[in-house]
Amino acid sequence: MASPRVSAALEALAIPIGALAGAMVLFGLFMLVLGQSPIEVYSLIYQGGFSGAFSWQNTLSRAAPLILTALCVALPAQAGLMIIGSEGALVLGGLVAAVIGHLMTGVSPMGVKVAMALGGMLAGGLWIAAAGALRQYRGINETISSLLLTYIAIALFNHMVEGPLRDPASLNKPSTHPIGDANMLGNFPGLDVHWGLGFGIIFCVAMYVLVKHTTWGFGLRIVGGNARAARLAGLPVSQLVLTACFLGGAASGLAGMVEVAAVHGNANASLMAGYGYAGILVAFIARQNPIAIIPVAVLLGGISASGGMLQRRLDLPDATVLVLQGMAFLLVLASETLYGRIKLFKSREIPA
């Protein structure tokens, strides 16, 4: 009989995969209702996201912000908080990065990029830390407060981009002043994938080590398991919670900076592409594990990248893949009730 650790690992792998498979079946039935062949639809999703070098480059570019926004959910979850405000942290991080990039014209490009990254991370970190503070000191539900803070962040972003920070030259799409070509992030050598993917992978590995292999991470997980017991043990609960929220928000703010410095060149409405909301799904499928976030984000990035092909080949809306993501999210949430209840994954003690 498998050991408890092996059984838990198999369970954590099998249940999300089963939920995704169930979502694919439901999505296939939905396509049948629309008069489309599920096999053709899934073939096009594969072609659009994973069939060749160009598809993979598009997939990895879309996965980069998903990795970082998923961390905004996964890190506070280690402390028992359910934060869903990564979209707000992303747009504010992108806005601050764009302003810094424009104001630092004439400074060495490396210095500008570092300042943009730090500014975006600080903005996103403080924004999500505010939701953690409301939970710790005022007892306000962090899920609700982080969602409302997202709406505030988007409204603030739109006001600044369309008002005080608007570039007069941006006529059709309001945007901030460009950061300049010299301050744009480059691509990996030989690949058409920007360095944001590398930032996400490094951030995930660093957070995995911090959470799983340090005393700080051990204390954070104790807080997530039982905050009252953590207080009785003398742990600084509020400090641990706020730090986790800040780190999660910093990751999402960095995603905003990457979108500005690697994709758009300025802050505009295109930053609100739904990466923050999709990151919630990535974090749930990955079971809040920073390392597991990477392959899950690649999978979701590939599905998202295939939307255009479905539109061109089958005349379906580009947002059709969002239906698949929504079904997956619902089934992943429903599958949470299965943990610890499937006999196949229950380990048994061998009698002495």
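Quick look at the values:
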{"quantity": "Likely footprinting exposure, TRP56, TRP195, TRP216, fewest C-beta neighbours within 10 Å first", "calculated": "TRP216, TRP195, TRP56"}
{"quantity": "Most mobile of ARG341, ARG138, ARG166 in a GNM of the chain (Cα contacts under 10 Å)", "calculated": "ARG341"}
{"quantity": "Relative contact order of the chain, pairs being alpha-carbon contacts under 8 Å that are 6 or more residues apart, as %", "calculated": "35"}
{"quantity": "Volume per residue of the C-alpha convex hull in region 204-312, rounded to whole Å³", "calculated": "121"}
{"quantity": "About the Cα centre, charge dipole magnitude for the chain (Lys/Arg +1, Asp/Glu -1 at Cβ), debye", "calculated": "1060"}
{"quantity": "For the chain, with +1 on Lys and Arg beta carbons and -1 on Asp and Glu, the positive-most of PHE54, PRO164, ALA297 along the dipole", "calculated": "ALA297"}
{"quantity": "Fewest-first sequence of LYS173, LYS212, LYS113 by Cβ atoms within 10 Å of each Cβ", "calculated": "LYS173, LYS212, LYS113"}
{"quantity": "Estimated 222 nm signal from helices in the chain, with DSSP H stretches of n ≥ 4 weighted -39500 (n - 2.57), rounded to 500", "calculated": "-23500 deg cm²/dmol"}
{"quantity": "Calculated FRET value between ARG166 and ASP192, using beta carbons and R₀ = 25 Å, to 0.05", "calculated": "0.25"}
{"quantity": "Anisotropy class of region 1-92 from Cα gyration tensor, a/c 1.5 cut", "calculated": "oblate"}
{"quantity": "At least 30 Å along the helix axis (C-alpha) and Kyte average at least -1.0, DSSP helices within the chain", "calculated": "4-33, 53-78, 109-138, 237-259"}
{"quantity": "Estimated FRET transfer efficiency (ALA8, MET110; beta-carbon r; R0 51 Å; 0.05)", "calculated": "0.70"}
{"quantity": "Three-way shape label, region 37-315, alpha-carbon gyration tensor, a/c 1.5", "calculated": "oblate"}
{"quantity": "Rounded Å value of the spacing that divides the Cα centres of region 98-161 and region 180-252", "calculated": "16"}
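Read-outs throughout are calculated quantities, based only on the coordinates presented, and are distinct from any laboratory measurement. Quick caveat, the model's predicted, so the values are computed rather than measured. Here Cβ is always computed from backbone atoms with ideal geometry, including for glycine, and neighbour counts include all displayed protein chains.
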